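Down below is the structure, laid out as structure tokens.
Please treat every number below as a calculation from the coordinates, not as lab data. This is a predicted model, so every value here is computed, not measured. Because the Cβ atoms are built from the backbone with ideal geometry, glycine has one as well, and the counts that use them run over all protein chains shown.
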Amino acid sequence: MRNAQSFDEFYRGTARRMLRYGYAVSGDHTEAQDLVQEAYARAWRQWGRLSAHPAPEAWLRLVVTRLATDRWRNLHRWRAALIRSGPPASAPPPSEDGVLLVRALRQVPVDQRQALALHYLFDMSVEEIAREAGVPVGTVKSWLSRGRSRLAALLPDLSTAELEANDVA
């Protein structure tokens, strides 16, 4: 059975040393905090058995060391995968029309913006949008109509065809 008071005493007596040890092992203060936090969480889950261990602090150091090693291995795997795949392709800058459209969409109420996005970007029918939003079909039709009107007012220089064809991903 876990005894919270004895665990608290163990934590207070070892936390500073364990954090210094985690820093020495990982070389990064934030990483050390994560490692030590995870080690103490594991110690708490096993505190019934661990409190009877002859050297619970040594057990905790072993856990911190293994967690640090696991993280280094994972980072090494990610690095190797990135080297194999090469750098990601450069994304082209957004078009001027796309920037204007996004700016205008931010000025449209959320429910109308959501309906427009679902309808034009995901090709969802009015009925599908109504089902997803949990509202009547008439409400979705109203949102779409009001949203299109609002966008037309905010973007007088863009035609409806340009708006529909514009990729705002």
### Task
Treating only the Cβ atoms of Lys and Arg (+1) and Asp and Glu (-1) as charged, compute the dipole magnitude of the chain about its Cα centre; round to the nearest 20 debye.
1120 debye
### Query
Looking at Gly22, Trp143, Tyr11, which one has the Cα that reaches farthest to the positive end of the dipole of the chain (charges on Cβ: Lys, Arg +1; Asp, Glu -1)?
Tyr11
### Query
Taking the simple approach of a point 7 Å from Cα along Cα-to-Cβ for both Arg103 and Arg146, what is their distance in nm?
2.5 nm
### Query
Between Phe122 and Arg77, what FRET efficiency comes out of the Förster formula 1/(1 + (r/R0)^6) with R0 = 30 Å and r the beta carbon distance, rounded to 0.05?
0.30
### Query
With +1 on each Lys and Arg Cβ and -1 on each Asp and Glu Cβ, how big is the dipole of region 19-117 about its Cα centre, in debye rounded to the nearest 20?
420 debye
### Query
What's the angle, to the nearest 10 degrees (0 to 90), between helix 4-26's Cα axis and the longest principal axis of the chain?
80 degrees
### Query
Expressed in nm to one decimal, what extension gain is obtained for the pair Asp28 and Asp157 from 0.36 nm per residue of sequence separation less their Cα-Cα distance?
41.2 nm
#### Entry: Full-stretch length increase - Gln5, Gln37 - with 0.36 nm per residue and alpha-carbon distance subtracted
9.7 nm
### Task
Would you please give the FRET efficiency between Thr139 and Ala89, computed as 1/(1 + (r/R0)^6) with r the Cβ-Cβ distance and R0 = 41 Å, to the nearest 0.05?
0.50
